[in-house]
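The values are calculated or read from the model by the stated rules, or taken from the named source; none is laboratory data. In this text, all values refer to a predicted model and were calculated from it rather than measured experimentally. Virtual Cβ from ideal backbone geometry, glycine too; neighbours counted across all protein chains shown. We work out accessible area using only protein heavy atoms, side chains counted, and drop any ligands, DNA or RNA first. Shrake-Rupley method; radii C 1.70, N 1.55, O 1.52, S 1.80 Å.
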Amino acid sequence: MHTSLTATESIPVPLLDLKIQYRRLRDEIQEAIGRVSESQQLILGPEVEALEQEVARYSHCQFGIGVSSGTDALLVSLMAIDIKPGDEVITTPYSFFATAGSIARLGATPVFVDIDPKTFNMLPEQIEARITKRTRAVMPVHLFGQMAEMDMIMEVARRHQLHVIEDAAQAIGAEYKGRRAGSLGDLGCFSFYPTKNLGGFGDGGMVTTNNSDLAERIRSLRNHGYSAKYYNKEVGGNFRLDAIQAAVLRVKLKYLDEWTEGRQRNAKSYCNLLAQAQVVEEANAGARSSARSGVRLPTEAHGRRHIYNQFVIGSRRRDELQRFLTERRIGTEIYYPVPLHLQECFVGLNYGEGDFPHSERAALETLALPIYPELTAEQQSVVVQAVKEFFD
């Protein structure tokens, strides 16, 4: 390792530092906010319309519909395909709560399949066995910035006449065989939560689609189901995107590919440095191998553009490792400590421990390291040195 810092002297490494990004863009962002302030068009309007066109184009889609959050993007998409009480939607138990929560909010039932232990994404070969006469849709999640195995998912869904909603909250700009997240299914759902690769100054989201009828319906549903002002075609919700959020996001979108390249460089550097430090677990190491075995690195599946919303390692000593790094002022995060099928609110689904072993292992063993694009080589060296010190 190319560092002379000891553990007690090491520089702090936050999990994410948005202040660096803001300082670089301060003038552009303040100009954008001022433009909206002067216009006093604060809800929807031209800024939102421009962002919708720009994100749709970036995502290789015909239509973009700005909404109030990534969660509401999922919810309004399910509403647009008429998910109702008693319906079933197949998804993954290893994801942020909104994935299954949006299904349950409509009185429908989330039906889970396990994940690939290497990519953490839905196992498409398990979908067909879970389809019943009540199944209406499949919701794959492009977790941590890498797209799911969409060809197989789409083939099964089309054969059974099911809608596909891509939960792409963490995956704007990710690719599967040259196709962008949000462009393969019937609908794609994005989050602009501040910690995302493209993050706003608060909550925000987007739905993408190539279906003009679905786009029109979502525009209505996000605004109380209006067909015209005060004329309600159906019951919708208040899922509108604020103009200030759109203006800020338009500034940031211009830099997104640059930031993605920075995240990819940092991911490659981590993999090289951790391998050089000899803390990478052998690929064939079994469950009974030595506790000294180390960490498992993220896997990039063939034909993917991984945008690294998170850089997630695995270790059987995850909790000890996290405590050790915290003591050394290194930020980490556990995504997600309790898989959805074991959450208290879903006890009525009658799942139990052991039903989805790959998801349960991921919940117990995964840990996210700092990966933001402004992370320095010195900071990465400090992180890797600390990991090595822990396993030594």
*Ordering 57, 250, 219 by how much accessible area each has at a 1.4 Å probe, largest first, what is the list?*
57, 219, 250
*asked:* Tell me the mean residue ellipticity at 222 nm calculated for the chain from its helices only (DSSP H runs of n ≥ 4, each -39500 (n - 2.57), averaged over every residue, nearest 500).
replied: -11500 deg cm²/dmol
*Beta carbons within 10 angstrom, averaged per residue: use that to sort the peptides 341-348, 223-230, highest first.*
341-348, 223-230
*asked:* If I model a spin label as a point 7 Å beyond the Cα along the Cα-Cβ vector, how far apart are those points for residue 229 and residue 35 in nm?
replied: 2.4 nm
*Normalised contact order of the range 172-278, rounded percent, pairs of Cα under 8 Å and 6 or more residues apart*: 19 percent
*Measuring with a 1.4 Å probe in the full set of protein chains, what accessible area per residue, in whole Å², belongs to the range 22-77?*
48 Å²
*asked:* Quick check on packing: order 76-89, 189-202, 11-24 by the mean number of other C-beta atoms within 10 Å, highest mean leading.
replied: 189-202, 76-89, 11-24
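Only Lys, Arg, Asp and Glu count, each charged at its Cβ (+1, +1, -1, -1), so figure out the dipole size of the range 194-309 about its Cα centre, rounded to 20 debye.
120 debye
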*How big is the charge dipole of the chain about its Cα centre, in debye rounded to the nearest 20, if each Lys and Arg gets +1 on its Cβ and each Asp and Glu gets -1 on its Cβ?*
200 debye
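So for the range 155-206, what are the equivalent ellipsoid semi-axes in whole Å, largest first, each being the square root of 5 times an eigenvalue of the Cα gyration tensor?
Three semi-axes, in Å: 25, 12, 6.
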_Beta bridge orientation in the chain: antiparallel %, DSSP, nearest 5_ = 60 percent
*At 4 °C and 1.567 mPa s, what whole-number value in µm²/s does Stokes-Einstein give for the translational diffusion of the range 1-150, with Rh from the Kirkwood sum over Cα pairs?*
67 µm²/s
*Which sequence of 49, 327 reflects their accessible areas, 1.4 Å probe, from the largest down?*
327, 49
*Take peptides 91-100, 302-311 and line them up by average Cβ neighbours within 10 Å, highest first, as a rough protection proxy.*
91-100, 302-311
*Quick one: Karplus J couplings for the range 240-246, per residue in order, coefficients 6.51, -1.76, 1.60, θ = phi - 60°, nearest Hz, x for Gly and Pro?*
7, 8, 6, 5, 5, 4, 4
*Between 264, 277, 310, whose Cα lies farthest towards the positive end of the dipole of the range 249-392 when Lys and Arg beta carbons carry +1 and Asp and Glu beta carbons carry -1, centred on the Cα centre?*
264
*With each label point set 7 Å from Cα along the Cα-Cβ vector, what nm distance links residue 301 and residue 50?*
3.7 nm
*Can you list the residues, at least 5 places off or on another chain, whose amide H is less than 5 Å from the amide H of residue 112, using H built in the peptide plane?*
91
_the range 34-67 and the range 96-135: distance between their alpha carbon centers, rounded to Å_ = 31 Å
*Please report how far the C-alpha centroid of the range 192-264 lies from that of the range 317-360, rounded to the nearest whole angstrom.*
30 Å
